[in-house]
Structure formats: structure tokens, C-alpha cells
1. Please state the charge dipole magnitude for the chain, taken about the Cα centre, from unit charges on C-beta atoms (+1 on K and R, -1 on D and E), reported in debye and rounded to the nearest 20.
2. For helix 145-156, what angle does its Cα long axis make with the longest principal axis of the chain, in degrees from 0 to 90 and rounded to 10?
3. For V130, what accessible surface area do you get with a 1.4 Å probe? Give it in Å², rounded to 10.
4. Compute the signed sum of charges (Lys and Arg +1, Asp and Glu -1) over the other residues within less than 11 Å, Cβ to Cβ, of Y54.
5. Quick one: how many Å² of D176 are accessible to a 1.4 Å probe, rounded to 10?
6. From the phi of every residue in region 174-185, what ³J(HN,Hα) in whole Hz does the Karplus formula 6.51 cos²θ - 1.76 cosθ + 1.60 yield, where θ is phi - 60° and glycine or proline is x?
7. Between the helical axis of 64-80 and the dominant principal axis of the chain, each derived from Cα atoms, what acute angle in degrees is found, rounded to the nearest 10?
8. Percent relative contact order of the chain, based on C-alpha pairs within less than 8 angstrom and at least six residues apart?
Amino acid sequence: MKFTVLTLFPELIEGAMNTSICGRAISKGVLELKTCDIRDYTENKNRRVDDYPYGGGAGMLMQAQPVYDAYAAMAAESLASGKKPRTVFLTPAGKVFDQAKAEELAKEDEIIFLCGHYEGIDERVIEEIVTDEISIGDYVLTGGELASLVVMDAVARMVPGVLGNETSAGTESFTDGLLEYPQYTRPDEWHGKKVPEVLLSGHHANIEKWRKEQSLQRTRERRPDLLEKFSDQ
Ligand code: SAM
């Protein structure tokens, strides 16, 4: 899987992605990360990439030209072979990201992420290059970098070879439409709290049953909206 990030702050992306599990996957060659500083593509002698919005209003907008030229340079190989790469614009106006979207994106070989700043980006270039508009939640960030990192991290975990233990991605919250059951590790008693007896029993069928009940209970209490979808399946 190759991630290419169009951004004004490449160091923010590289610092986070080259750390921990994603960092190891990049070192192993399972993931490839390329960042592109949109500012390198400005035709403005002061390296500005923003201008005032037509019609007035607060703040500045990123201009179409440097964003398009950065995209064209990064996507050149795919475009030459007749393929328009999957290109995700991070925006509060996008569809809210979820596990199903992470799984869908993980099937791609290459994804380009476009990070906005200031008040956003000229709509015309979004229309021209973007295939998916994604929001990471109903709040406003200062830029798309943190949002792109959230999406890349969730997608990367679905890519074979990224997680050490392949089974763990399949048993976590959301994969079966429910929240995950509570988990415990050693010692079996801590601060007077004991690990549920069934988990020490070695009886796999009972453990599975207990976990399923806990998942259902947790989801009922915390996310009844998920439970409604689960019972429709
Ligand atoms: N004026 C925009 C609006 O009201 O929708 C907000 C712009 S925001 C200050 C700057 C950039 O941060 C956006 O272009 C986008 O790339 C990113 N961003 C902010 N909140 C986000 C969110 N919830 N999800 C994804 N990206 C977000």
C-alpha cells in the first residue's frame, strides 16, 4: 500500500507515520509513505499558496494551481497508465469515517490524501482530483494532517503484514458491528479487583460465550445506535 500525502506540513505526517507499528511497516516495505509539500508547487515568488475568498468572508483559501500541480506530479505515473488514483480530501464536510470505509480503502494499492488548511481549498480543484471526501468527526481542526493520519492509521492496520498478529484486527471493536468485550492481563488480582473467573477456566466455549455477552452489553449501554444496525444484519 502506498500513501501519498499532499500537505503544507510534511514533517507532521512523517513524524507520526514513521513511529511505532506504521513505522515498522514502512521499514519492512509493507507500507510506502510519500509526502509532497504543496508549497513547492506555488508559482508565487513569496511561496504563498493562499488567497482571499471571492464574495468576501473570513480567512484565506488554498488556491487551485499549487494543489493541482502537486497532485499532477504525485499521480503522474498512475495517470499515464490511464488510472485515476483514489484521492481523499479530508474535510468536515465529508462523509464521517468508519471501519467499513477503512476496510474499503485498504483494498487499494495507492491512496493520495489532500490536507486542507486555512478556510479550506478552492472547490474547482476538489471537483477535478478528489474521489472521496472524508470527515473524521463533527468538529473542526486547524488542518487536514491529523485527520489524514487517523485515516491512514486505520487503513494501514487492515493491510496484510502491518500488524504482528493478523488475528487481532479481526476481533476488535466494529469488525462485527459491536464494541469489543473488556480484556485483562496479569496479575489475576490488582487493587483488589479480580479477573472474571471464566477467563481463567480454560473452557474456550464458555469464554467465547462470555465475550459475546459482554460485547452485546457494552454496545447496548454505550452505543445503542450500533446495536440497531447489528440486529438489522
Ligand atoms: N472552513 C472549513 C469548514 O467550515 O468546513 C473548515 C476548514 S479547517 C479550519 C481547515 C482544514 O482542516 C480543512 O480544509 C480540512 O482539510 C481539515 N479539517 C478540519 N476539520 C476536519 C475534520 N473534522 N475532518 C477532516 N478534516 C478536517
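The values are calculated or read from the model by the stated rules, or taken from the named source; none is laboratory data. Nothing here was measured: the structure is a model prediction, and the numbers come from that model. Heads up, the Cβs are rebuilt from the backbone with ideal geometry, glycines too, and the neighbour counts pull from every protein chain shown. Side chains included, ligands, DNA and RNA excluded: accessible areas come from the protein's heavy atoms. Shrake-Rupley method; radii C 1.70, N 1.55, O 1.52, S 1.80 Å.
1. 640 debye
2. 50 degrees
3. 20 Å²
4. Spelling it out: positives minus negatives among the neighbours equals -3.
5. 70 Å²
6. 6, 5, 10, x, 10, 6, 6, 5, x, 10, 9, 9
7. Result, in degrees: 70.
8. Computed value for the chain: 20 percent relative contact order.
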